[in-house]
Structures are given as C-alpha cells and as structure tokens.
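First the structure, in the form of structure tokens, and then the observations on it.
The values are calculated or read from the model by the stated rules, or taken from the named source; none is laboratory data. Here the structure is a predicted model, which means the values were calculated and not measured. Don't worry about glycine lacking a Cβ; one is built from the backbone with ideal geometry, like all the others, and counts go over all protein chains shown. What goes into the accessible areas is simple: the full protein's heavy atoms, side chains included, and nothing from ligands, DNA or RNA. Shrake-Rupley method; radii C 1.70, N 1.55, O 1.52, S 1.80 Å.
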Amino acid sequence: MDRIGIVVAMEKEYALLEDLLQGRKDVSRQGFSVSTGKVGRKEVVLMKSGIGKVAAATGINLLKYEYAPQAVVNSGVAGGLGSCLETGDVVAGDFCTYHDVDCGTGNEYGQVQGFPARYAADARLLQAVRQDHVKTGLICTGDQFIQDPAQLESIRKRFPEVMAVDMESASMAQVCHIWNIPFLSLRVISDTPGKKSDNFAQYNDFWTVAPKKNFELVRHLLSNL
C-alpha cells in the first residue's frame, strides 16, 4: 500500500491532518478540498468530502478516479453509544452498517439490497492501528445527528453491539466495497448521546481542545503499513 487516501468530513478534521503531509500541494476537485504529499515513503491524498452519506460516497468515487488509492482511511469524529466510551476515546470500526436503511423483507435492517448487511474493515489496516487505547466495534451510519433518546433506544435495540454513530462511514465502506478498495474508519468520540443532557454542547466543547488523537493514530497507521 504505497498510496493511501485519507478522507474526512469537515474542515476542522481536515485542518488537524494537513500537517502530516510533507511537500504538501493543495488543490480543489469539483468543490472537494484535496491535499497531496508524503508521510515517510507513503503517498497520501487527504480529502475533505463534506458531511453526510451522499457527499462521502461522491468523494470516494472522485478519489478513486483521480488518484487510485490502494487503501482508504476515513478519519473523523463520532457519537459514542458503547457503554464503555467517553469523550476522546478512539474507535476503529471493524464493521460498518446503516442505522437508517430498511429495504424490507429479505434484507437485514441496515442492509442495502444487493449489498452486504455489514462492511468489514480491511484486516491489514485494522491490525495497523491496534493499540491498547483503541477500541474496535460496530459503527452505524445515518444522515442524523443523534440526540433524541428514542432514536438512541431504537439504534441500540436493532444493533446491541453498536459502539459509535456517524454520518459517513458506511457509505464510504459501501463505495470501497464496490471498487474493492481496502477501507477502515477511525473515529474519535466527540460526544456521548444519552449520557449527557445536552450532547450537542458536549460536541461543541470537544472542538475547543483541538483533539490530536486521530493525527497521532493516522501517523501510527501509515508507519505500520
């Protein structure tokens, strides 16, 4: 894996990772921010896709056709639903699925008909980030910022083992599945819905400390490939 794509959703996440790149060159592709450079001997393409499933899937397709990465890592933040999680913890998604997809009879809840019910992380990428402080588990994706206790209960009922919820991982995993590109989602927990009375305020406060865990973890991953 000599050329790695790293995809984030938001400018704040993008800004945290730009300094990884040596010899950085910044361009715009169809409205997507892209920075290319090197980390050690690895060629890295950093992309800001935008928020949500459509933006994330479109970004992965553009990345594939413009840069042909040999693997894609989605780095970002997520809400923590696992009982063991606190703000600042890191989750590597060993599987990703949708919490807002229902294709009816003959399909598991979360499964897009004709596709896997869950998308498995690439084993080599997952192994490259294994550290004591990194937790692994299921990431559920939907076009919602989860706050409503009823939504939390519904997701946990359907996916008892869920660790984190976000708005991009499963859609990126689905596109990488289509193109047979190894994929991994890495998420720092920005808020813990249900544990705090106002997890949106918790999410906003999270950014004031400019978390660096994903920066260090992505650098660690690249050095191990």
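For K135, go through the aspartates and glutamates and keep the ones whose alpha-carbon is under 12 Å away, minus same-chain ones fewer than eight residues off.
Candidates past the 8-residue exclusion: E86, D89, D94.
Rounded to the nearest 20 Debye, what is the dipole magnitude of the chain about its Cα centre when Lys and Arg each give +1 and Asp and Glu each give -1 at the C-beta?
Here the chain has a charge dipole of around 660 debye.
In deg cm²/dmol and to the nearest 500, what is the mean residue ellipticity at 222 nm of the chain if only DSSP H runs of at least 4 residues count, each as -39500 (n - 2.57), divided by the residue total?
-9500 deg cm²/dmol
Stokes-Einstein D for the stretch 39-135 at 10 °C, 1.306 mPa s, Kirkwood Rh over Cα pairs, in µm²/s?
Reported coefficient: 100 µm²/s.
Kyte-Doolittle mean at least -0.5 and Cα extent at least 15 Å along the axis: which DSSP H helices of the chain qualify?
Qualifying helices, which must be both long enough and hydrophobic enough, are 53-67, 169-179, 213-224.
Just name one of I51, G82, S28: the one whose Cα is farthest towards the positive end of the charge dipole of the chain (beta-carbon charges, Lys/Arg +1, Asp/Glu -1).
Farthest along the dipole direction, towards plus: S28.
Return the aspartates and glutamates within reach of K38: Cα separation strictly under 16 angstrom, same-chain partners fewer than 8 residues apart disregarded; answer none if there are no such residues.
Straight-line reach from K38, under 16 Å: D2, E18, D19, D26, E216.
In the structure displayed, which of K64/K213; K12/K157; K64/K157; K25/K64; K12/K213 lie more than 24 Å apart, Cα to Cα?
Details: K64/K213 27 Å; K12/K157 32 Å; K64/K157 36 Å; K25/K64 18 Å; K12/K213 13 Å.
Those over the limit are K64/K213; K12/K157; K64/K157.
For the stretch 1-88, which trypsin sites (Lys or Arg not before Pro) are both in a DSSP coil and crowded by at most 11 other Cβ atoms within 10 Å?
R41
Would you mind counting up the charge near T58? Only other residues with Cβ under 13 Å from its Cβ, with Lys and Arg at +1 and Asp and Glu at -1.
Taking every other residue near T58 into account, the sum is +2.
Need one number for the chain: average projected area of the convex hull over its C-alpha atoms, nm². Working shown, then result.
Values: hull surface 46.3 nm².
Computing the convex hull of the Cα atoms and averaging its projections yields 11.6 nm².
How large is the Kirkwood hydrodynamic radius of the stretch 1-46, in angstrom, based on all distinct alpha carbon pairs?
10.7 Å
Please give the net charge around D143, taking every other residue with its beta carbon less than 12 angstrom from that of D143, where Lys and Arg add +1 and Asp and Glu add -1.
After counting each charged neighbour, the total is -2.
Which three extents, in whole angstrom, do the alpha-carbon atoms of the stretch 121-162 cover along their principal axes, largest first?
Largest first, the stretch 121-162 extends 36, 20, 16 Å along its Cα principal axes.
Please identify every one of the GluC sites (Glu not before Pro) in the stretch 119-175 that sits in a loop by DSSP and has no more than 12 other beta carbons within 10 Å of its own beta carbon.
E161
If you bin the C-alpha pair distances of the stretch 1-78 every 5 Å from 0, what whole percents do you get?
Result, from short to long distances: 3, 17, 32, 28, 16, 4, 0 percent.
Can you give me the % of accessible surface on the chain that is carbon or sulfur? Probe 1.4 Å, all protein chains present, nothing else counted.
48 percent
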